[in-house]
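Read through the structure below, which is laid out as C-alpha cells, and then see the notes.
The values are calculated or read from the model by the stated rules, or taken from the named source; none is laboratory data. These numbers come from a predicted model, not from an experiment. Reconstructed Cβ throughout: ideal geometry from the backbone, glycine too, with neighbour counts over all protein chains shown.
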Amino acid sequence: MGIVYEIAVMIRQSEREEEPSVITVNCPDKTGLGCDLCRIILFFGLTVVRIDVSTDGKWCYIVFWVEGKSSTRWGLLKNRLMGVCPSFLLANGISYDGPEMRPPKPPNVYLLKFCCYDRRGLLHDVTGVLCELELTIKRVKVSTTPDGKVMDLFFITDSRELLHTEKRKEDTCDHLKAVFGEGAISCEIERVGPEITSSSQGPSFFSDGITEDMFNVEMLNQNEDDPIAFKCPSITMDNMLSPSHTLVQIVCQDHKGLLYDVMRTLKDCDIQVSYGRLARKGNAECELDLFIMQADDGKKIVDPSRRNSLSNRLQVELSRPLRLALISRGPDTELLVANPIELSGKGRPMVFHDITLALKMLNRPIFSAEIARHGIGDREWEIYRVLLEGESGSASKKEIEETVWRMHMSWE
C-alpha cells in the first residue's frame, strides 16, 4: 500500500538539553488511542509539554513535544508506542484476522519470590529494577522478619512476554541479586493464574471511614489543614464554535501525567477527540483545547446532563488524580495511596515506584507493603498500603504526605 508500518511512530531526539524531543504518531484512529499513548509516555518518565492532535475519525496525526531523562530508551519507547497503534489494514477496510480483531488475551501472571537481608531503600531499588526490565507489578506482599530479613512476593506481568523462558527468569534474578548484594538469600519466579489479581481479592484493611475520607473530594477541598495544595481546574464547554464538535477548554495546574488523566477520563466516558492542543502557561499552568464528539454516534454533546457529568468528572480527576491518606497505627504509620483503574483494566504506571522513592528520600523504613484492587462505588481502584516503622525524630505526617504527593505530581 506504499505505507510502512514502522513510520507510524517517528521520534526526533532533541540536540540540546533545553529543547524538547518530538514524537510523531501517524496511524489509523481508535477511541482511547490518546490515552494508550500517554500511558506509555508516562511509563518512560517523559513529560508532555505540548501536543497537537488532528483526526478525521479514521486517521489521526498526533505530535508530542516531551521532556525527559538522557537515559530514555528511545528505541524501546518507539516499539511500545507502535504496539498500541491500530493496523493500517483496518483504515483501508481490509478484513483480516489480526490482533486488533481478536479479544485481548490476559497477560500471563508470574510470582516473583525472594528473600534477602533488609536495608534502607531496598524496596525502591527492587521496584526500579522491575521497571527497567519492563515487568509490571500487579500485586505485592512485602514483610520484614524480626531477624532483619525481608520476604517479598511480587505478582508481575512481562511487557516483553518472555518471562516463561529460563533466560529471562535468570536475567531478572541476576539483576535483583545485584541489588541485594551480599544480603541475597533466594530468588524464584513461577507462573500463577491471572485470577490472583482480580478485584475480588481486594484489601481487607480498607475500612468505611477511610473510604469516606479518601474519596470525598469535596471534603478534601474544604479541609484547610490538608497539606496537599491543588488549584481547582477551570473547565468550560461550548457547542457554538463548531457545527459537529463540542469544544472543551481546560486551564489547570500542571502535573505529571496531566494529559494521561484527561485522556483516560475521555476514554472511559466514550468520548473521541478530533482535534486538540496543549500548551504550558509558564511553569505552573497548562491550557488544553479539545474538540470532542461522542464515540457512539459521532455527534457533539448536546445533552446538558451529559456535558455536566463530563465536566464534573474532569474536575474530580484533575483535582485529585490520586487519593492519599496517612493513618496512625499505634507506634507505626500507615500510608494509603489509591490509583483509579481505567475500564480497560489498566492504571497509572509508576505509582509504587514513586511511593518508594519518596520514602527513600525521607529515610523512612518500610515494615510491610501490599498492593490490591478494590471496587468502590462503580469504579475500581488500585490500593497501595505501606506500613512505616515508627521512628523518633523522623519526618512528620505533613512532610510525608507532601513528599509523596509532590513525587507523584513531579513538583519541586
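Scan segment 139-155 and tell me whether some residue there is touching a residue at least 60 places away in the same chain (Cβ under 8 Å) and over 30 Å from GLY345 (Cβ atoms). I'd like the intermediate steps shown before the answer.
Start the filter on segment 139-155 by keeping residues that are touching a residue at least 60 places away in the same chain (Cβ under 8 Å), which leaves 139-144.
Going one step further and asking which of them are over 30 Å from GLY345 (Cβ atoms), we end up with 144.
Yes: segment 139-155 contains one or more residues that are touching a residue at least 60 places away in the same chain (Cβ under 8 Å) and over 30 Å from GLY345 (Cβ atoms).
Scan segment 264-281 and report the pairs whose first residue is more than 18 Å from PRO28 (Cα to Cα) and whose second residue is assigned to a helix (DSSP H, G or I) and among the acidic types (Asp, Glu), with Cβ atoms within less than 9 Å and a gap of 6+ or a chain change.
Listed by first residue and then by second, the contacts come to ARG264/GLU317; THR265/GLU317.
For residues in segment 148-195 being assigned to a loop (DSSP other than H, G, I, E, B) and in contact with a strand residue (DSSP E or B) (Cβ under 9 Å, 6 or more places away or on another chain), which is farthest from PHE43 (Cα to Cα)?
The initial filter retains those residues of segment 148-195 that are assigned to a loop (DSSP other than H, G, I, E, B), namely 148, 159-165, 193.
Retained after the next criterion (residues that are in contact with a strand residue (DSSP E or B) (Cβ under 9 Å, 6 or more places away or on another chain)): 148, 159-160, 163-164, 193.
On the way: GLY148: 32, SER159: 12, ARG160: 15, LEU163: 20, HIS164: 23, GLY193: 25 Å.
Going through the qualifying residues, I end up with GLY148.
Just checking, does segment 96-106 include any residue being in contact with a strand residue (DSSP E or B) (Cβ under 6 Å, 6 or more places away or on another chain) and either at pLDDT 90 or above or surrounded by 11 or more Cβ atoms within 10 Å (Cβ to Cβ) (or both)? Give the derivation first.
Initially, segment 96-106 is screened for residues in contact with a strand residue (DSSP E or B) (Cβ under 6 Å, 6 or more places away or on another chain), giving none.
Scanning segment 96-106 turns up no residue that is in contact with a strand residue (DSSP E or B) (Cβ under 6 Å, 6 or more places away or on another chain) and either at pLDDT 90 or above or surrounded by 11 or more Cβ atoms within 10 Å (Cβ to Cβ) (or both).
For the list (1) in contact with a Ser or Thr (Cβ under 7 Å, 6 or more places away or on another chain); (2) surrounded by 19 or more Cβ atoms within 10 Å (Cβ to Cβ); (3) charged (D, E, K, R), I need the number of the one condition that ARG313 fails.
(2)
Looking at THR144 and the list (1) out of contact with any Ser or Thr (no Cβ under 8 Å at 6 or more places or on another chain); (2) assigned by TED's automatic domain parsing to the domain that holds ILE185; (3) at pLDDT below 90, which single condition is not satisfied?
Of (1) out of contact with any Ser or Thr (no Cβ under 8 Å at 6 or more places or on another chain); (2) assigned by TED's automatic domain parsing to the domain that holds ILE185; (3) at pLDDT below 90, only one is false for THR144: (1).
Being at pLDDT 90 or above and under 25 Å from PHE215 (Cα atoms) is the filter here, so list the residues in segment 354-368 that pass it.
Within segment 354-368, ASP354, ILE355, THR356, LEU357, ALA358, LEU359 qualify.
Name the pairs: first residue in segment 393-409 and in the same structural domain as SER328 (by TED's automatic domain parsing) and part of a loop (DSSP other than H, G, I, E, B), second residue crowded, with 16+ Cβ neighbours inside 10 Å and modelled with pLDDT under 90, Cβ to Cβ under 7 Å, at least 6 apart or on different chains?
Qualifying pairs under 7 Å: SER394/ARG364; ALA395/ARG364.
Taking segment 292-322, which residues are touching an Asp or Glu at 6+ places or on another chain (Cβ under 9 Å) and either at pLDDT below 90 or not small (Gly, Ala, Ser) (or both)?
Once the filter is applied, which keeps residues that are touching an Asp or Glu at 6+ places or on another chain (Cβ under 9 Å) and either at pLDDT below 90 or not small (Gly, Ala, Ser) (or both), segment 292-322 yields GLN294, ASP296, ARG313, LEU314, GLU317, LEU318, PRO321.
Only one of ARG16, ARG12, ARG50 is in contact with a strand residue (DSSP E or B) (Cβ under 7 Å, 6 or more places away or on another chain) and loosely packed, with under 15 Cβ neighbours inside 10 Å. Can you tell me which?
Working: ARG16 fails: in contact with a strand residue (DSSP E or B) (Cβ under 7 Å, 6 or more places away or on another chain); ARG50 fails: loosely packed, with under 15 Cβ neighbours inside 10 Å.
The match here is ARG12.
Filter segment 355-384 down to the residues that are of a type in the set (Lys, Arg) and more than 17 Å from the chain's Cα centre (by Cα), then identify the one that is surrounded by the fewest Cβ atoms within 10 Å (Cβ to Cβ).
Filtering segment 355-384 for residues of a type in the set (Lys, Arg) gives 360, 364, 373, 379.
From what's left, more than 17 Å from the chain's Cα centre (by Cα): 360, 364.
On the way: LYS360: 19, ARG364: 21.
Going through the qualifying residues, I end up with LYS360.
Would you mention how many residues in segment 122-147 are part of a strand (DSSP E or B) and within 11 Å of PHE352 (Cα to Cα)?
First pass over segment 122-147, keeping only residues part of a strand (DSSP E or B): 135-144.
Keeping just the survivors that are within 11 Å of PHE352 (Cα to Cα) gives 136-140.
Selection size over segment 122-147: 5.
Which of (1) among the acidic types (Asp, Glu); (2) touching a Ser or Thr at 6+ places or on another chain (Cβ under 7 Å); (3) surrounded by fewer than 15 Cβ atoms within 10 Å (Cβ to Cβ) does ASP303 not meet, given it meets every other one?
All conditions pass for ASP303, except number (2).
Are any residues in segment 233-285 closer than 22 Å to THR47 by Cβ, in a loop (DSSP other than H, G, I, E, B) and in contact with a helix residue (DSSP H, G or I) (Cβ under 7 Å, 6 or more places away or on another chain), and if so, which ones?
PRO233, HIS255, LYS256, GLY257
Among the residues of segment 139-163, which ones are closer than 25 Å to LEU77 by Cβ and either touching a helix residue (DSSP H, G or I) at 6+ places or on another chain (Cβ under 8 Å) or among the small types (Gly, Ala, Ser) (or both)?
From segment 139-163, those closer than 25 Å to LEU77 by Cβ are 154, 156-163; that's our starting set.
Passing the criteria: PHE154, ILE156, ASP158, SER159, ARG160, LEU162, LEU163.
Does SER159 meet the test of being polar (S, T, N, Q), modelled with pLDDT under 95, over 17 Å from PHE367 (Cα atoms) and in contact with a Gly (Cβ under 8 Å, 6 or more places away or on another chain)?
no
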